[in-house]
Amino acid sequence: MQLLHGIHLAYCTNIHRGESWAETMAALESHTLEVRNRVAPHQPYAIGLRLGAEAARSLLDRQTRLVFQRWLAQHNCYVFTINGFPYGQFHGTRVKEQVFQPDWSTSARVEYTEALFTILADLLPQGLSGSVSTVPGSHKELVPDDDHANLIRKNLASHTAWLARFADRSGKDLHLGLEPEPLGWIENTAESIALFNSLGHGEDIQRCLGINYDTCHFAVEYESPATALAAFKEHRIRISKLHLSSALKLTPSSASLKLMESFTDEVYFHQVIARREDGLLERHRDLPVALASNPLRRGIEEWRVHFHVPLHAPPQDLLD
């Protein structure tokens with residue numbers, strides 16, 4: 001829905017299971033519309049559409065898109081952004097590092113993202129800016145050498161050039177948002193700026209490539225939003241999208257660490273960045289690794305954990 005200053009707030013559908021287009025539509029019918037009816041029943045309602053590769057292949061069919069466009073019009077909904085981070089299954093199975101695959105070194109990631117923009121250009125209402133969010137290049141552990149990193153840069157640059165041409169043909173403002181994440185190939189402001197500097201700051205890059213600023217991810221990195229956003233502005237890096245989400249913060253103690261054991265799972269990464277008493281940061285790829293690091297014996301004063309608790313959830317004892 002539209003807020004002040006031309007900002008649009010969307011309900012993100014990646015919280016719902018579903019890899020096929022039929023499953024995606026079922027979630028829209030059963031969940032998204034119910035939320036819309038509760039919070040904004042009498043105004044246009046924005047949907048942040050999550051499309052995995054399977055659903056995207058179905059929606060590339062023109063007739064399927066026309067049916068969906070009629071559904072959007074019937075229910076007074078619209079799409080201006082697509083979550084293109086998870087390529088494959090995102091619920092009900094082990095995800096962890098697989099959520100970064102295929103990464104931007106592969107043709108599969110490029111082709112999938114082009115498909116999402118083809119779909120979005122058709123769905124996007126006139127006059128609105130349209131974005132697709134994507135992985136931060138890759139995961140650090142999945143980039144073994146400079147050749148792999150250079151291929152990521154090459155594919156991002158060539159895709160951005162393609163997107164600029166496609167946007168001009170469609171007459172739409174379209175842009176890709178890289179989403180920095182703890183232990184992603186780019187994970188913070190400094191690494192993001194370094195990538196954009198390596199790509200150059202040509203017109204295509206400034207217009208069609210930006211950052212999807214996930215508030216949880218940057219909070220886990222101990223970054224101030226005001227400082228980070230000012231730095232992106234200074235370096236002429238577009239903020240493609242803001243993703244509003246929560247992280248966990250705690251002071252390690254016997255009780256709080258015992259509580260954190262209940263947050264471990266075999267599905268998603270829960271990266272932990274620990275701040276030592278001397279201010280230095282330690283990064284742990286996953287919560288079980290951090291729990292095994294003996295934080296109480298090593299002068300750790302704070303943990304921040306990549307765990308998306310609901311925005312409306314009140315703070316718990318021992319956790320902020």
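The values are calculated or read from the model by the stated rules, or taken from the named source; none is laboratory data. Here the structure is a predicted model, which is why all the values come from computation and not from measurement. Quick reminder, even Gly has a Cβ in these numbers, built from the backbone with ideal geometry, and neighbours come from all protein chains shown. Heads up: the accessible areas ignore ligands, DNA and RNA and are worked out on the full protein's heavy atoms, side chains in. Shrake-Rupley method; radii C 1.70, N 1.55, O 1.52, S 1.80 Å.
Relative to the Cα centre, the charge distribution of the chain, modelled as +1 at Lys and Arg Cβ and -1 at Asp and Glu Cβ, gives a dipole magnitude of about 720 debye.
A Förster distance of 41 Å, applied to the separation of the beta-carbon atoms of LEU3 and VAL289, puts the FRET efficiency at 0.55. The relative contact order of the range 10-125, computed from alpha carbon pairs under 8 Å that lie at least 6 residues apart in sequence, is 30 percent. Comparing Cα centroids, the range 259-280 and the range 135-171 end up 30 angstrom apart.
Rolling a 1.4 Å probe across the protein heavy atoms gives the chain an accessible surface of 46 Å² per residue. Listed by chain and number, the lysines whose C-alpha is less than 30 Å from the C-alpha of LYS154, apart from same-chain residues fewer than 8 away, are LYS96, LYS140, LYS172, LYS233, LYS241. Among the GluC sites (Glu not before Pro) in the range 255-320, those placed in a DSSP loop whose Cβ has at most 16 other Cβ atoms within 10 Å are GLU266, GLU277.
Between SER158 and GLU277, the FRET efficiency estimated from the beta carbon spacing at R0 = 45 angstrom works out to 0.45. Using a Gaussian network model of the chain in which every pair of alpha carbons under 10 angstrom is joined by a spring, one finds that among GLY88, GLY177, GLY127 the greatest mean-square fluctuation is at GLY127. Using 0.36 nm per residue and subtracting the Cα-Cα separation, the extra length available between SER254 and GLU203 on full extension is 13.1 nm.
Can you return the lysines within cross-link range of LYS249? Criterion is Cα-Cα under 18 Å, with same-chain partners fewer than 8 residues away left out. List returned: LYS258. Report, by chain and number, residues whose modeled amide H sits under 5 Å from the one on VAL79, excluding near sequence neighbours (fewer than 5 apart, same chain). The list, which skips near neighbours in sequence, is ILE47. Under a 5 Å amide H cut-off, with hydrogens placed 1.01 Å from N, HIS243 pairs with TYR213, ASP214, THR215 among residues at least 5 apart or on other chains. Once the C-beta distance of GLU34 and ALA108 is scaled by a Förster radius of 30 Å, the resulting FRET efficiency is 0.30 to the nearest 0.05.
Sites listed here are trypsin sites (Lys or Arg not before Pro) in the range 12-64 whose DSSP assignment is loop and whose Cβ has at most 16 other Cβ atoms within 10 Å: ARG17.
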